[in-house]
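Below is one structure, written out as structure tokens; the observations come after it.
The values are calculated or read from the model by the stated rules, or taken from the named source; none is laboratory data. Note that the coordinates shown come from a computational prediction; the quantities given were computed from them, not determined experimentally. We place every Cβ from the backbone using ideal geometry, glycine too, and count neighbours over all the protein chains shown. Surface accessibility is based on the protein's heavy atoms, side chains included, excluding ligands, DNA and RNA. Shrake-Rupley method; radii C 1.70, N 1.55, O 1.52, S 1.80 Å.
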Amino acid sequence: MIKTIFDFAIIAGSIIGYFIGIALLTVTFYKGRANKYLAASLFLQSTITFAGWFDLDNFVFEFILNITLEFLFAATLFTYFLIQIKHEYLTKKWFKWLYAPFILSVGIECYFITSSIFGFYSEHFDTLIYYLKDSTSFLFNVILIFWGRILIKKSSAVSKMEKRWLLRFNFYIFCLILIWLVSKIEFYLFDSDHIIDFLLIIVSLFSWWVLYNGIFKLQVAIQKNELHDYLVAQGSINTRPKKKVNETTVSKISAQLYALMDEEELYKNPLLSRSELATRLGTSEVYLSQILNQEMNKSLSQFVNEYRIDAAKNLLHNPVFNKYSVESIGLEAGFKSKSAFYSTFRTHMGISPGAYRKGKQTS
């Protein structure tokens, strides 16, 4: 029964890995140079898992295992990290040599196939090369994953959210490599492979983690930054019309408050607090609350969220921004999370942001 559950989990994880890889290559939301390499890494990871689980004397699966796809997995994943952090290593001539170990491994395997056909095959030499490739592929993965982690930490080309996800992703891969090491020690010292089953299960769960907690959230963060950069480049950072303020009917503090929102767009700061706003206005938190309540009949959160909703509506209404997800638009407008955006938007507008966008597209 346990064996059946393990088998199902491994097969399901491999299929999910292939599914995510295909989605990264075909779905517009995910398309990008970096995701091509991530898709390749997921294809390789799923293939290695499936081939390792497929315990049959099958030439195809033996060939897949013997060419040591682990070399290619490490190289493509390292490339993915470099593209995400926009590192200069991508332009170096030596960078392509990272794929040389895999090409060499394929050439060696082709040699053994040819030697077996023409009768000069040496089993002892084959065994020696197998152990050599097995150990060097492990070392190769450790070096590139650890190297990638150092470069991510030092990078200033990505947002904190992107960096946090990349470091978590890198750490997960590093944990898989450690389990891989333990499984190798078990196999060589005790001629057992119980940990291999555990490793395959963890790898399968890794595909689910990438799908639900990784790729989508990272892509939203990337889109949010891209959307902001586009607005800055177009000189249209102000995504809502300025409020006309009659200074004869409102206090000086109110006028300054509107100016901060319209000109500096403080509402786009998801961590904006009453204390910070009061400091910018040179007043106390108590007096600021009194002004909002007496002159505008609103709380601070209501006042700020109105600006955010207007900014989001403007972006959702503009067909130029149709390629960006609703969540990335909400984050750009200043909301801290997807749930906060959806809840506030529905309260103000009576419909969800997605429904609002569809309604504007069909109207």
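Could you give the length gained on full extension between ALA233 and LEU181, defined as 0.36 nm per residue of separation minus the Cα-Cα distance, in nm?
On the way: separation 52, 0.36 × 52 = 18.72 nm, distance 4.86 nm.
Fully extending the segment from ALA233 to LEU181 adds 13.9 nm.
By how many nm would the segment from PHE63 to ALA340 grow when fully extended, if each residue of separation counts as 0.36 nm and the alpha-carbon distance is taken off?
That works out to 94.6 nm of additional length.
Carbon-plus-sulfur fraction of the accessible area of the range 257-297, 1.4 Å probe, in percent? Walk me through the intermediate numbers first.
Working: 960 of 2220 Å².
Whole-percent figure for carbon plus sulfur exposure: 43.
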When every protein chain stays in place and a 1.4 Å probe is rolled, ILE103, ILE108, ILE85 sorted by accessible area with the largest first are ILE103, ILE108, ILE85
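So, counting K/R as plus one and D/E as minus one, what does the shell of residues with Cβ under 11 Å around GLU285 add up to? Don't skip to the answer; put the middle values down first.
On the way: positive: ARG274; negative: GLU276.
With Lys, Arg at +1 and Asp, Glu at -1, the neighbours total 0.
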Taking protein heavy atoms only, a 1.4 Å probe, and rounding to whole percent, the accessible area of the range 131-173 owed to carbon and sulfur comes out at 68
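Report, in listed order, any pair from LYS160/LYS298; LYS86/LYS224; LYS160/LYS268; LYS36/LYS313; LYS86/LYS336 with a Cα-Cα distance greater than 24 Å. Walk me through the numbers on the way to the answer.
Working: LYS160/LYS298 33 Å; LYS86/LYS224 17 Å; LYS160/LYS268 16 Å; LYS36/LYS313 32 Å; LYS86/LYS336 26 Å.
Pairs exceeding 24 Å: LYS160/LYS298; LYS36/LYS313; LYS86/LYS336.
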For TYR356, TYR230, the accessible-area ranking with a 1.4 Å probe, largest leading, is TYR230, TYR356
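How do HIS317, HIS87 stack up against each other in accessible area, from largest to smallest, with a 1.4 angstrom probe? Numbers along the way, then the final one.
On the way: HIS317 100, HIS87 40 Å².
Ranking HIS317, HIS87 by accessible area, largest first, yields HIS317, HIS87.
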Measure of exposure for VAL27: accessible area at 1.4 Å probe, Å² rounded to 10, is 60
LYS336 neighbourhood, Cβ < 13 Å, K/R = +1, D/E = -1, net charge +2
